[in-house]
């Protein structure tokens, strides 16, 4: 699926992906450093994650594949 990386600045801040389907996906293992760019275009595959998330945003997923196509300039939230 295609999507865009987004940084959510609440609950301590975290990275997620908004899919082309409009869905919000929360990678439970986080994103690799090269993908932590707000607005970066990505292709990703995932499996549903087991358990609950403390974040009140998105569907918890385990990424099985992630390819970054473009990475805008480093954001202030890069971690």
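The values are calculated or read from the model by the stated rules, or taken from the named source; none is laboratory data. It should be emphasised that the depicted structure is a prediction, and the values quoted were computed from it without experimental measurement. Quick reminder, even Gly has a Cβ in these numbers, built from the backbone with ideal geometry, and neighbours come from all protein chains shown.
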Practice problem: Give me a count of the residues in region 11-50 that are free of Cβ contacts under 8 Å to residues at least 24 places away in the same chain and loosely packed, with under 13 Cβ neighbours inside 10 Å. | Solution: 7
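Mind checking which residues of region 1-25 are modelled with pLDDT under 95 and outside any loop (DSSP other than H, G, I, E, B)? Spell out the reasoning first.
Going residue by residue through region 1-25, those that are modelled with pLDDT under 95 are 8-14.
Matches in region 1-25: 8, 14.
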Quiz prompt | Unmet criterion (only one of (1) in a strand (DSSP E or B); (2) at pLDDT 95 or above) for residue 69 | solution = (2)
Quiz item: Which of the residues spanning region 26-35 are within 16 Å of residue 70 (Cα to Cα), over 8 Å from the mean Cα position of the chain (by Cα) and part of a loop (DSSP other than H, G, I, E, B)?
Solution: 32
Quiz item: Which one is modelled with the highest pLDDT among residues in region 36-51 that are outside any strand (DSSP E or B) and either touching a helix residue (DSSP H, G or I) at 6+ places or on another chain (Cβ under 7 Å) or farther than 18 Å from residue 10 by Cα (or both)?
Solution: 40
